[in-house]
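> Before anything else, here's the structure in question.
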Amino acid sequence: MIKDRYTSGKLLLELLMIVLALLVFFPLYMTFVNGFKTYNEVVTSTVALPHVFQFKNFAVVWKQINFFGVFLNSLIVTVVSVAGILLISSAAAYQLVRRPGPVSQIIFLAILSSLVIPFQTMMIPLVKVAKELQLINTLYGIIIMYWGFGIPLALFLYHGFIKSIPRELEEAAYIDGSGPFGVYFRILLPLLKPITTTIAILHSLWIWNDFLLPLIMLSSKKNQTIPLASSVYFGQYTNEWHLAMAALTMAVVPIILFFLFMQRYIIQGITAGAVKG
């Protein structure tokens with residue numbers, strides 16, 4: 001009887017997981033399917049499969065918003081931003097962990113405090129400061145801002161992970177003649193691979209799909225990212241849903257492939273960072 005209850009409970013849990021998985025994948029299905037429809041089909045039969053797959057939607061989007069150009073902008077912003085976040089936050093966390101004391105603790109808490117400040121409260125001051133520093137409407141300007149917004153969370157994750165790394169490994173490297181940079185690049189960074197991959201995935205998903213910061217910082221069409229360029233299909237009086245869905249499909253495919261390739265490291269990195277050595 002206990003075995004029957006266990007089997008029934010396991011079956012219910014599996015059914016629940018299937019339902020949750022369908023709920024998660026349903027928006028992706030809607031986006032993908034409607035990208036191949038005409039406008040009338042999207043409006044009248046949103047969930048159904050298209051009668052004829054309209055591949056021309058993707059050709060129209062590619063030409064109208066210069067998809068290759070905005071894709072390249074998104075790629076540059078995402079790669080450089082994530083690389084900077086990883087390098088700065090890992091080096092900072094290493095110093096804060098290995099040099100404990102009141103000053104390190106104050107710096108750590110001050111950086112983490114920015115996580116509780118809503119972005120909306122910083123928009124106006126951010127634009128004013130960026131304008132004074134001539135960072136408006138430049139890719140390097142928005143990359144610097146992503147560094148500022150992304151470092152606190154990355155620093156927090158690195159901080160917890162580095163605590164689990166024994167000091168003896170670094171001391172042995174120093175005895176063998178390595179300097180601080182050698183220890184950091186040859187010893188520490190390879191050990192940080194699980195949490196580095198986790199942070200890279202989380203921040204890549206955020207930066208690639210971000211709309212608000214590019215909206216207030218990038219006004220020129222030549223510097224637009226994919227989410228910002230795709231917004232042209234959503235207007236006050238007209239909504240070209242079929243082209244919008246095609247644009248979103250083209251935008252999400254690269255990041256989904258990246259996520260599927262790297263997702264196995266997410267849980268490994270987060271749980272490893274929770275263990276204090």
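> Run the quick spin-label model on Ser45 and Arg167: label points 7 Å from Cα toward the beta carbon, then report their separation in nm to one decimal.
Once both label points are built, they end up 7.0 nm from each other.
> Between beta-carbons, use under 12 Å as the cut-off and find the net charge around Arg98, counting Lys and Arg +1, Asp and Glu -1.
+1
> Based on alpha-carbon centroids, what's the gap between region 85-110 and region 121-198 in Å, whole number please?
10
> So, one more: If you count, for each residue, the other Cβ atoms within 10 Å and average over each peptide, how do 167-176, 206-215 line up from highest to lowest?
206-215, 167-176
> Here is a follow-up. Calculate the FRET efficiency for Lys193 and Ser114 from the Cβ-Cβ distance with a Förster distance of 30 Å, rounded to the nearest 0.05.
It comes to 0.70.
> Another question, if that's okay. Quantify, in whole percent, the carbon and sulfur part of the accessible surface of region 36-114 (1.4 Å probe; protein heavy atoms only).
Carbon-and-sulfur percentage of accessible area, whole number: 73.
> Using 0.36 nm per residue of separation minus the Cα-Cα distance, give me the extension gain between Ile144 and Ile216 in nm, one decimal.
My answer for the length gained is 24.5 nm.
> Give the label of the value calculated from the structure for semi-axes √(5λ) of the Cα gyration tensor in Å, choosing from (i) 39, 29, 17; (ii) 27, 21, 17; (iii) 30, 24, 17.
The calculated read-out lines up with (i).
> On average, how much accessible surface per residue is there in region 142-243, in Å², for a 1.4 Å probe, leaving out ligands, DNA and RNA?
Spelled out: the 1.4 Å probe surface of region 142-243, per residue, equals 49 Å².
> Let a ≥ b ≥ c be the square roots of the eigenvalues of the Cα gyration tensor of region 107-222; is it rounded (a/c under 1.5), or, if not, prolate (a/b larger than b/c) or oblate?
It comes out prolate by the Cα gyration axes.
> What percent do you get for the relative contact order of the chain when only Cα pairs under 8 Å and 6+ apart count?
With pairs under 8 Å counted, the relative contact order is 30 percent.
The values are calculated or read from the model by the stated rules, or taken from the named source; none is laboratory data. Just so it is clear, the model here is predicted, and its values are computed rather than measured. Cβ: placed from backbone, ideal geometry, glycine included. Neighbour counts: every protein chain shown. Please note that ligands, DNA and RNA were not included when accessible areas were found on the heavy atoms of the full protein model with its side chains. Shrake-Rupley method; radii C 1.70, N 1.55, O 1.52, S 1.80 Å.
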